[in-house]
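Taking it in order: structure first as structure tokens, then the write-up.
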Amino acid sequence: MRPRDEYAEPYRIKVVEPLRQRTREEREELITQAGYNLFSLRAEDVYIDLLTDSGTSAMSDNQWAGIMLGDESYAGSKSFYHLEESVREIMGFRHVVPTHQGRAAEHILMTMLVKPSDRVLGNMHFDTTEGHILLKRATPVNLVIEEGYEPSILHPFKGNIDLFRLEEELDTYGPEKIPFVLITVTCNNNGGQPVSMANIRAVREIASRYGVPVFFDAARFAENAFFIKEREPGYADKPVAEIVREMFSYGDGCTMSSKKDGLVNIGGLLAFNSEGYYRQAVQWGIVYEGFATYGGQAGRDLEALSRGLREVVDEYYLENRIGQVDYLARRLLDLGIPIIEPPGGHGVYLDARRFLPHIPQEHFPAQTLAAELYIEGGIRGVELGTNAFAHRDEKTGEIAYPRLELVRLAIPRRVYTDRHMDQVARALAGIARRKDSLHGLRMVYEAPVLRHFTSRFERL
Ligand SMILES: *Cc1c(COP(=O)(O)O)cnc(C)c1O
């Protein structure tokens, strides 16, 4: 593989979307009006938007051409068959059921296979996955290795499943209580950390011994395959496309949010090898999503996705994608800005506890850092700390604080250049110079559920 600094973006820019940087005074005013909550800003007031990598990708000229060629037939759309061909060739699954988003695919899978009091095993279930498992009155069980929870430990595959605990679960509960194992690649909830091929293979072997199927949450499958190529012995010379096929060969199917490695702005899918699963999924898909050949999407969306799935396994694309995240991480480390290491596939996580050690958790260090990053550079990240995760014990009234105070800077695919990343680094360097003058925030409004989307703050 080429050294990180010896290549540039493998595309040139044909259409531009102008960005405007507000003045510092305007940004101060806007963030105050927004109650220091980044979700309440208008996107047009943001210069570099790193809120999420979901649905924010730039499509290629080839995908845009596909939008015009989309077949909007209700049944048997040509675009559906193009998607089916892509899924067969790229992922290796025989059947595909389109859905309007990843969570809709999860809804269908859980409805098909999960009963009350079941246990759904995985490395770390994504929030919506966990929600759908709980809605079936089943228990989501996270079995990621201990290193996966440790932000300062360097481990190449922090998304791996603890095989000992997997076997223990299967031994204790068996296939009667365990409908399937779900491997999330990459593991979103601990920062986009990859799962190794050896681990996937072992999970398959163990689960098969108990007669339990294996599915993937495949939102970032190509990024996971690239990490395997880079980090796992024996894969350096294998094409990513081959690695992807091998990964999925150990599964019975997958759910996928196309808003990530589908390189499109909306959509999702289920894919299976067995005709039986497919039939069941289509049955639920028809009531919840739409007929089997469109599933809540326009024909043009399916066409763009069928092309995106082919583009995302391109190694020049992936080397630049993963390389850009790594580039930002290295710039920040050079500046002494504390981040979670190693960075994952889709973003860099700032460690606000180490960055602002003088701000106690009750004064929201990560929310403070996120707000300051907007003031300093017009940059929007997302807080993953006390605002998002602290909760009050109903009996004692005491607040349980999360272990980590993070600001996630998620990098949209093919959207920003490395110059934008330099700008992010420069803004953080600016905050570092004046950080002793920051005193944190006080919460002045909080909604009863999922408060972080709408909470409001004042500066201390
Ligand atoms: C985004 C995501 C989902 C949910 O997909 P949506 O398209 O947002 O509904 C599920 N799993 C993972 C790992 C994700 O990143």
Item to check | Peptides ranked, highest mean first, by Cβ atoms within 10 Å: ranges 270-277, 353-360 | outcome: 270-277, 353-360
Checklist entry - Can you give the Rg to Rh ratio for the range 1-140, taking only C-alpha atoms and Rh from Kirkwood? => result 1.06
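Just add up the charged neighbours of A298: K/R +1, D/E -1, any other residue whose Cβ is under 12 Å from the Cβ of A298. If you can, show how the numbers build up before the last one.
Numbers: positive: R300; negative: D71, E72, D301, E303.
So the environment of A298 carries a net charge of -3.
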Checklist entry - Between G268, V449, H346, whose Cα lies farthest towards the positive end of the dipole of the chain when Lys and Arg beta carbons carry +1 and Asp and Glu beta carbons carry -1, centred on the Cα centre? => result V449
Checklist entry - Which FRET efficiency value, to the nearest 0.05, is calculated for H155 and D127 with the Förster distance at 30 angstrom and r the Cβ-Cβ distance? => result 0.80
Item to check | Tilt relative to the chain, helix 240-249 - C-alpha long axis, 0 to 90 degrees, to 10 | outcome: 60
Checklist entry - With axes computed from alpha carbons, what is the tilt in degrees of helix 315-334 against the longest principal axis of the chain, rounded to the nearest 10 within 0 to 90? => result 30
Checklist entry - In whole Å, how far is the Cα centre of the range 127-189 from that of the range 402-460? => result 29
Checklist outcome for this item: Hydrodynamic calc, the range 9-63: Kirkwood Rh from Cα pairs, then Stokes-Einstein at 10 °C with viscosity 1.306 mPa s, so D in µm² s⁻¹ is 117
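Residues with beta-carbon under 12 Å from that of G211, excluding G211: net charge, scoring Lys, Arg +1 and Asp, Glu -1? Before the final figure, lay out each step's value.
Values: positive: R209; negative: E176, D252.
Net charge in that neighbourhood comes out at -1.
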Checklist outcome for this item: Packing-ranked peptide list from 401-409, 189-197, highest mean Cβ count within 10 angstrom first, is 189-197, 401-409
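Please rank K14, K260, K238, fewest neighbouring Cβ atoms within 10 Å first, as an exposure proxy. Present the calculation step by step, with values, prior to reporting the outcome.
Values: K14 8, K260 28, K238 15.
Exposure proxy ranking, most exposed first: K14, K238, K260.
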Next on the checklist: Per-residue counts of other Cβ atoms within 10 Å, averaged by peptide: what ranking do you get for 296-305, 116-125, 206-215, highest first?
Outcome noted: 296-305, 116-125, 206-215
Checklist entry - Considering the Cα trace of the range 61-311, what is its radius of gyration and what is Dmax, both in angstroms? => result 17.4, 54
Item to check | Separation of alpha-carbon centers, the range 224-256 and the range 323-400, rounded to whole Å | outcome: 31
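Assuming 0.36 nm per residue, please report the length gained on full extension of the stretch N62 to V449 beyond their Cα-Cα distance.
Numbers: separation 387, 0.36 × 387 = 139.32 nm, distance 4.19 nm.
Between N62 and V449, full extension yields 135.1 nm more.
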Checklist outcome for this item: Dipole check, the range 150-252, charges on Cβ (K,R +1; D,E -1), about Cα centroid: among G159, M247, Y173 the Cα furthest to the positive pole belongs to M247
Item to check | the range 95-117 versus the range 14-53: alpha-carbon centroid distance in Å | outcome: 35
Checklist entry - For S57, S73, what ranking results if the residue with the fewest other Cβ atoms within 10 Å of its Cβ goes first? => result S73, S57
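Count the DSSP beta bridges whose two residues both fall in the chain, then state the antiparallel fraction as a percent rounded to the nearest 5. Mind showing how you got there, number by number?
Numbers: 27 of 42 bridges.
The antiparallel proportion sits near 65 percent.
Coordinate-derived values only; no laboratory data. Predicted model, so just to flag it, every value in this text is computed and none were measured. Glycine also receives a Cβ, built like all others from the backbone with ideal geometry; neighbour counts cover every protein chain displayed.
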